[in-house]
Amino acid sequence: QVQLVESGGGLVQAGGSLRLSCTGSGRTFSRAAMGWFRQAPGKEREFVAALAWSGHSTSYADSVKGRFTVSRDNAKNAVYLQMNSLKLEDTAVYYCAAAPTPYSGTSPSEYDYWGQGTQVTVSS
């Protein structure tokens with residue numbers, strides 16, 4: 001079992017930055033691939049970024065590539081999403097998720113554990 005709690009969301013102006021954190025509990029956290037997803041009102045949940053258990057393999061959605069950076073600190077059971085150059089279309093509830101495998105992909109179905117989400121609102 002892995003329990004996840006996100007934090008760091010908020011209101012930011014376009015062009016600004018935010019850093020989301022996801023803290024996990026459970027013995028398997030350090031061996032789990034982690035993902036960040038987001039869901040805007042009226043839209044389906046979409047992939048943002050993924051990170052292998054080691055932190056050495058990452059993947060990003062095209063829409064955030066070059067602006068967002070995912071990282072983890074297994075000693076702290078934490079995963080981070082640094083978001084720079086934020087755009088209005090980045091507004092959404094952001095979720096972190098843990099997969100039961102060391103590597104994972106872009107589909108929400110690959111992840112077994114989810115946090116409650118944190119709201120990110122980008123204003124003009």
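So the values come out like this:
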| item | result |
| --- | --- |
| Segment 36-47 - phi-based ³J(HN,Hα) in whole Hz, Karplus 6.51/-1.76/1.60, Gly and Pro as x | 10, 10, 9, 9, 8, x, x, 10, 6, 5, 10, 5 |
| Size of charge dipole - segment 7-56 - debye, nearest 20, with Cβ of Lys, Arg +1 and Asp, Glu -1, no other charges | 140 |
| Exposure rule at most 13 other beta-carbon atoms within 10 Å, DSSP loop trypsin sites (Lys or Arg not before Pro): the chain longest free segment | 66-124 |
| Segment 1-101: GluC sites (Glu not before Pro) in DSSP loop, at most 11 other beta carbons within 10 Å | E44 |
| Size of charge dipole - the chain - debye, nearest 20, with Cβ of Lys, Arg +1 and Asp, Glu -1, no other charges | 260 |
| Average Cα contact separation per residue, the chain, under 8 Å, 6 or more apart, as relative contact order % | 37 |
| Fraction of accessible area attributable to carbon and sulfur, the chain (%, probe 1.4 Å) | 49 |
| Mean accessible surface per residue for the chain, computed with a 1.4 Å probe while every protein chain stays in place, in Å² | 50 |
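The values are calculated or read from the model by the stated rules, or taken from the named source; none is laboratory data. Predicted, not measured: the structure shown is a model, and the values here were computed from it. Here the Cβ is made from the backbone with ideal geometry for all residues, glycine too, and neighbour counts use every protein chain on show. For the accessible areas, the whole protein counts, side chains as well, though only heavy atoms, and no ligand, DNA or RNA atoms are used. Shrake-Rupley method; radii C 1.70, N 1.55, O 1.52, S 1.80 Å.
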